[in-house]
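Below: the structure, in structure tokens.
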Amino acid sequence: MNPHQGAATTPQKTLLLVDDTPENLTVLGEILMPHYRVRVASSGARALAAATSDPRPDLVLLDVMMPEMDGYEVISRLRADPRTRELPVIFVTALDSTEDEAHGLELGAVDYITKPVRPAIVLARVRGQLELKEARDRMRDQNAWLEAEIARRMRQNQVVQDVSMRALASIAEARDDETGNHILRTQAYVNVLARALATTPRYAGELTPALVETYTKAAPLHDIGKVAIPDHILHKPGKHTPDEWEIMKTHARQGSDAIWRAICDQEEREALDFLYIAMDIAHYHHEKWDGSGYPEGLAGEAIPLPARLMALADVFDALISKRAYKPAFPLDRATAIITEGRGRHFDPDVVDAYLAHLDEFAAIAARYADLAEQTPNAPA
């Protein structure tokens, strides 16, 4: 048995020889055929067809002076086609002036061999260019693999990050007798509002797709501060006393403080951008456009934009959801309340975005409806 039988072998390289003179093809073929698979083409048009058909060439040896389509036109077309853009081309020609060689190299040739050819020179130049191509291909494949692996790991990290954040947010919602669906709904509402504003001239430059995604990712932590509110206040079914209400309102600052304590000693600000935005949302989502909200009494555009989005998303979800102190309101009543709050409770632009996308809000409410809770009626 042959000891080398079954061993991996390097596939034979394929060369494409292009020349309109049969004698020239014969000379090159005799030099190269003992070492490589050789294909031939007697015109520029045939060369272009052969370059994109199997077996695909690894290297082209191309004559310059050909009728109808010369070598310069052939290489220009090869470089214009994505399928052959990286295919190395060596000019083999009787033209030996510096200007001819420079023109060929400018068009993308990797080397220049003058006729009459010498076998040792041809073999050395071909071998060198094939080795370079193999190295480039190997590097390209390795880079593609690395890029795919980095993308895969980033997706994994993103999933872990998103799930972990929703888990933290769910702790706060569970303590507030709400459900995880509240998180999903408000997160989706914020995404709809941010995407809607991103299409307007006022916010088009600011709300990039990446920032919209960051707002969406940060939204679930809006009520994380509720974990610090005592149970007897958080779960009180009736109206809070003034003192209890003051304690209840501290959840906004408590939430942003909790996030800050987790990230304040981290130097990678860019990697934690979504948590800085989550701080703004947690701290300011109960502020009102007219300055009558809490905890800082900010007004207008002094309120961070993601908090203004969350303000409407949170109120809308509270209106359409059943609470201990109220039934679930139908969509038309919730919309009337939000419209009445335009320019008072809510940013007018955010209200306009909501009104323009009522169908999406209704669809989200239906998709993530709580069990045993009536879904609001879709808009007519």
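The values are calculated or read from the model by the stated rules, or taken from the named source; none is laboratory data. Every value quoted in this text rests on a predicted model; they were computed, and no experiment measured them. Neighbour counts run over all protein chains shown; Cβ positions are idealised from the backbone, glycine included. Surface areas here come from the heavy atoms of the whole protein model, side chains and all, with no ligands, DNA or RNA. Shrake-Rupley method; radii C 1.70, N 1.55, O 1.52, S 1.80 Å.
Within the chain, which complete DSSP H helices have Cα atoms spanning at least 20 Å along the helix axis and a mean Kyte-Doolittle hydropathy of 0.5 or higher? Spell out each step's value before the answer.
Details: long enough: 119-175 (84 Å, -0.50); 180-198 (27 Å, 0.34); 305-320 (23 Å, 1.42).
Length and hydropathy pass: 305-320.
Measuring from centroid to centroid over Cα atoms, what is the spacing of the stretch 76-154 and the stretch 226-244 in Å?
Centre-to-centre distance over Cα atoms comes out at 74 Å.
Leaving out same-chain residues fewer than 8 places away, which aspartates and glutamates sit with a Cα under 14 Å from that of LYS133?
List returned: ASP58, GLU86, ASP111, ASP141.
Once neighbouring chains are kept in place and the probe is 1.4 Å, which whole percent of the accessible area of the chain is contributed by carbon and sulfur? Intermediate values should be presented prior to the final figure.
Working: 11100 of 20410 Å².
The value for the chain is 54 percent carbon and sulfur by accessible area.
Which of VAL350, VAL64, VAL227 moves the most in a Gaussian network model of the chain with Cα springs under 10 Å?
Among VAL350, VAL64, VAL227, the largest mean-square fluctuation in the Gaussian network model of the chain belongs to VAL64.
Please report, in debye to the nearest 20, how large the charge dipole of the chain is about its Cα centre when each Lys and Arg carries +1 at its beta carbon and each Asp and Glu carries -1 there.
Charge dipole, the chain, about its Cα centre: 920 debye, nearest 20.
Put +1 on the Cβ of each Lys and Arg and -1 on the Cβ of each Asp and Glu in the chain; which of PRO230, VAL110, LEU17 then has its Cα farthest toward the positive end of the dipole?
Result: PRO230.
So what is the accessible area of the chain per residue, in Å², with the probe set to 1.4 Å?
On the way: 20410 Å² over 380 residues.
Solvent-accessible surface per residue comes out at 54 Å².
What residue among TRP260, THR208, LEU272 has its Cα farthest toward the positive end of the dipole of the stretch 205-305, where the charges are +1 on Lys, Arg and -1 on Asp, Glu, each on the Cβ?
In the stretch 205-305, that residue is TRP260.
Within the chain, what's the longest run with no GluC sites (Glu not before Pro) in a DSSP loop and at most 13 other beta-carbon atoms within 10 Å? Give the range, please.
87-205
Please report the antiparallel percentage of DSSP beta bridges with both residues in the chain, rounded to the nearest 5.
Counting only bridges with both partners in the chain, antiparallel ones make up about 5 percent.
Using only the Cα atoms of the stretch 334-373, what are the Rg and Dmax in Å?
Expressed in Å, the Cα Rg and Dmax of the stretch 334-373 come to 11.8, 34.
Roughly how many Å² of ILE113 are accessible to a 1.4 Å probe, to the nearest 10?
10
At most 11 other Cβ atoms within 10 Å and a DSSP loop assignment: could you name the trypsin sites (Lys or Arg not before Pro) in the stretch 47-121 that fit?
ARG83, ARG85
I want to verify a result. In a Gaussian network model of the chain, Cα cutoff 10 Å, which of these has the top mean-square fluctuation: HIS103, HIS182, HIS285?
The residue with the greatest mean-square fluctuation here is HIS103.
Counting Lys +1, Arg +1, Asp -1, Glu -1, what net charge surrounds GLU360 among other residues with beta carbon under 12 Å of its beta carbon?
Residues near GLU360 contribute +2 overall.
In the chain, with Lys and Arg counted as +1 and Asp and Glu as -1 at Cβ, which of these residues, ALA41, VAL60, LEU319, has the Cα nearest the positive end of the dipole, that is, farthest along it?
LEU319
Can you tell me, using C-alpha contacts under 8 Å and at least 6 residues apart, the relative contact order of the chain as a whole percent?
Here the relative contact order equals 10 percent.
Relative to the present Cα-Cα distance, how much length would full extension add between SER292 and ILE233 at 0.36 nm per residue of separation?
Length difference between fully extended and current span is 19.0 nm.
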